Amino acid sequence: MGVVSCLGNTVEEFAEALFEGRSGLCPIDRFDASGLRNALMGVVRQLPDRPAWLAADAPRYRDLAYLASATDQALGAVGLAPPLTDALTGCVLSTNFACGEAIAETEADPTGGAAFASSRFDTGVAMLARALELSGPSQCVSVSCASGTAAIGVACDLIRLGRAERVIAGGYDALALSSQAGLSCLRTISTDTVRPFDVNRSQTIFGEGACIFVLEDLSLAESRGVPIRAEILGHGLNNNAYHLTAPDKEGEGITEGVRMAVRDAGIDPSRIDYVNAHGTGTEYHDVTEVKAIKNVLGTRAYEIPVSSTKGAMGHTMGAAGSMEILASVLAIERDEAPPTLNLSDPDPECDLDHVPLQSKPAPIDVVLSNSAGIGGGNASIVLAAPGWMDRKGGAA
Amino acid sequence: MSVRPDPVVITGLGPVSPIGVGIEELQAAFAGRESAVRPIEGLELPEALAADPPLGAQLVDFRLSDYLASEKTYLDNVSAYLLAACALAKEHAGLAVTPETRTRIGGSFGAAYGPLASAHTFNARVAAKGARLANPLIFGHTYINTAASLVAIEWGFTGYNCIVSSGLTSGLTAICQAADAIRLDHADAVLCGGSDAISAPLVAGLAAEGRLADGHGGLLVGEGAGVIVLESGVAAAARGAAVLGTLLGYATATGQTPGAGLRAAHGRALVAAGIDAADASLVVSCANGIAAIDSAAAALCDCEYRHAEVIAPKALQGETFAAAAGIDVALALLRLGPGERAVVLSADWQGGAGVLVVSR
């Protein structure tokens with residue numbers, strides 16, 4: 001696992017800040033935010049160093065720097081280095097906005113071929129495929145703000161079907177004026193801060209970064225003797241089929257996405273110990289998501305922690321789902337649910353244990369992580385502690 | 001998790017190609033070798049390009065209202081083409097979205113460049129007038145997954161839904177992902193393929209990259225959408241659907257060159273299909289004027305398919321990017337006899353590649 005975020009540029013820094021309840025949000029000074037609803041964002045403080053394996057002529061845009069650093073960390077953590085030719089290795093990445101810097105350069109100078117080439121959605125995939133000498137399936141997926149979860153789910157499917165033995169997977173995005181202008185004019189950005197599940201919530205705050213996982217077929221990981229951090233049991237990926245930008249207040253679509261994930265995992269919903277919610281702090285979404293969790297988990301929803309990490313790092317767009325999966329893996333390892341920051345006055349309609357302000361110790365073996373996005377896309381994933389399915393998966 | 005044992009079958013075709021929209025037009029135009037390639041028009045291109053417009057294949061006189069009854073306030077052409085292709089494919093398959101089936105029907109679509117025109121329009125206004133005056137209507141149409149969302153909204157299916165981007169192989173990759181979704185029981189039926197549209201920023205960008213045809217080779221830019229309906233064999237049989245073909249095998253791969261990627265994908269796809277190259281009678285080539293892609297496809301065909309018919313639709317309709325695979329599958333099934341097999345090739349200049357093996 002590797003991460004670049006406003007909470008830190010290593011998994012250890014990320015974990016420490018997240019579980020200590022520290023926020024990484026701050027006003028952005030990289031571009032003029034005066035026309036936006038808020039300058040507060042989850043800004044990566046320090047541009048990470050470029051990995052040595054990245055070619056000198058690889059594009060030097062900020063989002064790709066995040067991606068390369070997170071990938072380097074993830075590979076290093078499991079003893080891998082390019083070329084990844086020891087196993088059939090693919091790559092599934094997600095981004096909401098591709099390379100905003102390259103797009104802006106292209107807008108300013110349409111004759112700049114290099115910038116145009118780097119504005120393609122699969123630029124990050126191509127960069128890693130070339131540098132790591134990948135030979136397996138490689139692609140970018142996008143389900144807007146659910147993309148980071150979708151990428152992990154799609155990568156998991158490639159391994160399950162034997163189309164790859166290993167997949168470098170995760171999401172990345174960098175804050176840019178164009179994307180923030182759009183999100184601001186849609187009034188999805190809070191003029192205050194992000195307060196998931198709070199009665200005073202007033203929309204969300206966006207962030208940036210990258211979060212990358214090395215996913216491997218279990219037998220490959222075991223043969224290499226590397227530590228297994230978690231297992232993916234199943235995922236769901238669907239659409240509300242309701243409206244392009246308005247939320248489905250009944251939550252039928254997100255309910256179906258969660259149900260798909262639990263069904264694919266092959267477990268009873270009562271086995272879930274923690275839900276990492278999408279929890280954007282937007283007016284309608286939080287209530288809708290809580291409804292969906294109750295619809296699928298039933299009474300179990302009232303027995304377990306259900307928190308949102310967006311108060312700490314904002315909504316990191318194409319990286320959000322992946323960072324939340326990272327938070328979920330850490331929750332399993334620590335038996336501790338990360339807190340929902342800025343939740344001081346809970347909305348009566350959000351009546352689950354939303355872990356306000358401080359993390360909460362809890363026995364956590366199985367996690368459901370949810371994501372949703374503009375366009376009505378939903379992605380959910382079920383993770384478990386290593387070996388849990390074999391030990392307890394079939395037991396009541 | 002278990003993998004469904006039944007085959008993944010093709011029950012609907014929805015081609016929206018510069019040479020013809022719908023299977024009858026496409027078949028007639030291809031049989032008659034009708035080319036849609038001519039100087040690109042109707043775009044506000046940079047001065048140097050406008051003076052000598054590059055060659056390309058545009059959809060002419062396309063009206064979404066010919067295929068869809070519902071009215072739209074604003075659509076990027078990427079979305080309009082995809083909606084039309086889905087309408088055609090869905091009708092061809094006789095696929096009904098009902099309260100009982102809506103969670104089991106999905107969409108998996110590719111987009112190489114996505115809604116570039118809308119993104120350009122949105123960004124230009126932000127640059128000129130500031131973030132405060134950004135256009136919220138257009139912003140919603142700048143997401144690359146907007147087209148897939150609009151398809152789900154149009155017909156009300158709440159099942160599997162995703163957009164895939166892998167350059168020129170985007171559409172084929174989306175078809176592979178749809179087949180994966182069916183085999184893993186995420187869905188019973190998936191509309192899949194892809195869409196891309198010619199726009200001023202696309203043409204200017206490709207020209208700046210040096211990709212466009214200049215009389216000595218290069219890309220003939222095209223546009224459109226190609227959608228097929230994939231279903232589990234059991235689900236198709238249960239609703240009495242006519243099976244047009246079977247997806248015998250598929251694979252995507254990455255190489256340091258298009259040739260390496262294509263060879264790897266081809267080998268894996270044949271293994272997955274359980275056939276030898278000698279068993280295929282038709283190859284739909286990905287040759288598109290880019291030297292590395294043309295030579296990769298030619299080398300594969302020379303080595304493995306001297307016995308087979310090889311067709312290269314991009315010579316007539318241009319490089320239709322994510323639309324290509326869906327159109328190619330339609331062309332293949334329209335040309336194959338019963339029981340015959342075809343191989344559909346796709347490759348990107350960055351080294352990604354994919355291969356489908358279909359039978360009729």
Explain nothing, just the number: dipole magnitude of the range A:284-325 about its Cα centre with +1 on each Lys and Arg Cβ and -1 on each Asp and Glu Cβ, in debye rounded to the nearest 20. 80 debye
Comparing A:A246, A:A372, A:A174, which has the greatest mean-square fluctuation in the GNM of chain A with Cα pairs linked when under 10 Å apart? A:A246
May I ask for the distance between the Cα centers of the range B:104-183 and the range B:303-328, given as a whole number of Å? 25 Å
So which helices of chain B fit the span-like rule, where a helix is a whole DSSP H run, its Cα atoms reach 15 Å or more along the axis, and its mean Kyte-Doolittle is at least -0.5? B:77-93, B:116-129, B:170-183, B:258-273, B:291-304, B:324-335
Can you compute the modelled spin-label distance between B:E309 and B:A292, with each label point 7 Å from Cα toward Cβ, in nm? 3.2 nm
Listed residue (A:A319, B:L191, A:A104) projecting farthest to the positive dipole end of the protein assembly as shown, Cβ model: B:L191
Quote the FRET efficiency, to the nearest 0.05, computed for A:S223 versus B:A50 with a Förster distance R0 of 45 Å and r equal to the Cβ-Cβ distance. 0.15
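May I ask you to give the average projected area over all directions of the convex hull of the Cα atoms of the protein assembly as shown, in nm² rounded to one decimal?
28.2 nm²
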Given the options B:G107, A:L297, B:A225, identify the residue whose Cα lies farthest towards the positive end of the charge dipole of the protein assembly as shown (+1 on Cβ of Lys, Arg; -1 on Cβ of Asp, Glu). A:L297
Treating the beta-carbon of each Lys and Arg as +1 and of each Asp and Glu as -1, no other charges, what is the dipole magnitude of the range B:8-238 about its Cα centre, to the nearest 20 debye? 540 debye
Any idea what the dipole of the protein assembly as shown comes to, in debye rounded to 20, about its Cα centre with Lys/Arg Cβ at +1 and Asp/Glu Cβ at -1? 360 debye
Net lengthening on full extension, B:E209/B:A124 (0.36 nm per residue, minus Cα-Cα): 28.5 nm
What is the calculated FRET efficiency for A:T191 to B:A237, with r their C-beta to C-beta distance and R₀ = 60 Å, to the nearest 0.05? 0.60
Inter-part gap, Cα centre of the range A:241-314 to Cα centre of the range B:236-299, in whole angstrom, is 39 Å
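Of the trypsin sites (Lys or Arg not before Pro) in the range B:271-347, which ones lie in a loop per DSSP and count no more than 11 other C-beta atoms within 10 Å?
B:R306
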Can you compute the FRET efficiency between B:A260 and A:Q358 using 1/(1 + (r/R0)^6), with r the Cβ-Cβ distance and R0 = 60 Å? Round to the nearest 0.05. 0.70
If you count, for each residue, the other Cβ atoms within 10 Å and average over each peptide, how do A:210-222, A:14-26, A:178-190 line up from highest to lowest? A:178-190, A:210-222, A:14-26
Working out 0.36 nm times the residue gap between B:E34 and B:E91, then minus their Cα-Cα distance, what length gain in nm do you get to one decimal? 17.9 nm
Given B:A297, B:C86, B:G130, which one lies farthest toward the positive end of the charge dipole of chain B, if we put +1 on the Cβ of every Lys and Arg and -1 on the Cβ of every Asp and Glu? B:G130
MRE, 222 nm, helices only [DSSP H, n ≥ 4, -39500 (n - 2.57), over the protein assembly as shown, to nearest 500]: -10500 deg cm²/dmol
Viscosity 1.567 mPa s, temperature 4 °C: what is the translational diffusion coefficient of chain B from Stokes-Einstein with a Kirkwood Rh over Cα pairs, rounded to a whole number of µm²/s? 64 µm²/s
Please give the contour-minus-distance gain from A:E20 to A:D345: 0.36 nm per residue of separation, less the Cα-Cα distance, rounded to one decimal in nm. 115.0 nm
Relative contact order of the range B:8-80, pairs being alpha-carbon contacts under 8 Å that are 6 or more residues apart, as %: 22 percent
Under 15 Å from the Cα of B:K314 - aspartates and glutamates, other chains or at least 8 residues apart: B:E34, B:D196, B:E223, B:D294, B:D328, B:D348
Applying the span-like rule to chain A (DSSP H, Cα extent along axis at least 15 Å, Kyte-Doolittle mean at least 0.5) gives A:147-160, A:320-334
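Taken together, the values in this text are just the output of simple stated rules run on the coordinates, not laboratory data. Quantities reported herein were computed from a predicted structural model and do not represent experimental measurements. A quick note on method: Cβ atoms are made from the backbone with ideal geometry, for glycine too, and the neighbour counts reach across all protein chains shown.
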